[in-house]
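Worksheet for the structure shown next.
The values are calculated or read from the model by the stated rules, or taken from the named source; none is laboratory data. Not measured: the values here are computed from a predicted model. For neighbour counting, all protein chains shown are included, and Cβ atoms are generated from backbone atoms with ideal geometry for every residue, glycine included. These accessible areas exclude ligands, DNA and RNA; they are computed on the full protein's heavy atoms, side chains included. Shrake-Rupley method; radii C 1.70, N 1.55, O 1.52, S 1.80 Å.
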Amino acid sequence: MKVQGHVQTGSRAVHANGIDINVVQAGAGEPLVLLHGGMVSTNPTWAGAPIAYATYMDQLAEHFHVVAPDTRGGGRTVHPGGTVTFDLLAEDVLALIDALGLARPLIAGFSEGALTAAIVGIRSPGSVGAIVSHAGYDMLNPQARSFQMMRQMLGGSPAADEPDPDAAARLFEHSDQMRAMFELMRADEDEGQGEGHWKEYLRLGFHRTTRSPGYIFDDLGKITAPTLILVGDRDDFCSVEEAVTAYRALPDGELAVLPDTGHLITAAAIAATVEFLARRGATRR
């Protein structure tokens, strides 16, 4: 999708959970907390990339007041040190909601952003009005193949127990598309936090994406907000079978499977997200 004019209202730092979280806001209406996936950020330079919400910021801002933070340790949100867990990322989101005075906002995420959104709903059921979990439930399976895939990607081996950013760089050289994505990530991270930060960003990602987050599918039963499980039928990380398991664990869930779609944010995924949030989020109060 080609972005037609950028409707950002701007970005600013919001102090929450002990750090300054870089937040991009756009549009008006019901607040939508939008959580990006791994490798990307809220930087509009990602517009056009198939794994970035930045591509669709204008479209989402036509319907919602979009509040899109950079994940701790990535983009322009600095992490002071230590391991970044999914619990910590969920705490950041909850603190951001409180700092901005948002009353039960809608929340949507892709990939690791989707898992963070689900954990927000598990840990604090009354804090959000509706959730879209787009391709971010795989790690709720303790035997998920995603863990080995991420060890290979960020550690250089399916059995790696430590990150190896240089091995990751070599892996991304295997195709023009992967190389372009890697170069964009490296430029984005280094621009945001200084030369060489891309290596620290990958190290932080390794430690949270190569092991169980401490939650399983059954924990989705703690979510009280209407929740959409969204996935492509050709997603290499999140299977349709696991999507059904996640959907069945939810007290108030819906399931949407996008045909001929991999681990990507597509126009159809955005349309499904907008439709669900407009329909189910309207009753959140």
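Candidates Val244, Val240, Val257, Val274: the one that is in contact with a His (Cβ under 6 Å, 6 or more places away or on another chain) and at pLDDT 95 or above is Val274.
The test for being outside any helix (DSSP H, G or I) and modelled with pLDDT under 95 does not hold for Arg280. Across the range 257-274, the qualifying residues are those that are hydrophobic (A, V, I, L, M, F, W, C) and open to solvent by 50 Å² or more (accessible area, probe 1.4 Å), and the one among them that is farthest from Tyr53 (Cα to Cα) is Val257.
Table: residues versus (1) free of Cβ contacts under 8 Å to residues at least 40 places away in the same chain; (2) over 17 Å from Asp70 (Cα atoms).
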position: Asp164; (1), (2): yes, yes
position: Glu173; (1), (2): yes, yes
position: Gly194; (1), (2): yes, no
position: Trp198; (1), (2): yes, no
position: Arg203; (1), (2): no, no
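Condition first: more than 26 Å from Arg203 (Cα to Cα), within 13 Å of the chain's Cα centre (by Cα) and either small (Gly, Ala, Ser) or at pLDDT 95 or above (or both). Can you find one or more residues in the range 47-57 that meet it? Looking for residues that are more than 26 Å from Arg203 (Cα to Cα), within 13 Å of the chain's Cα centre (by Cα) and either small (Gly, Ala, Ser) or at pLDDT 95 or above (or both), one finds none in the range 47-57, hence no.
Quick check on the range 238-256: of everything there that is among the hydrophobic types (A, V, I, L, M, F, W, C) and closer than 13 Å to Ser133 by Cβ, which residue is surrounded by the most Cβ atoms within 10 Å (Cβ to Cβ)? Looking at the filtered set, the residue picked out is Cys238. Residues that are charged (D, E, K, R) and in a loop (DSSP other than H, G, I, E, B) were ranked within the range 235-277; the one that is nearest to Leu32 (Cα to Cα) is Asp252.
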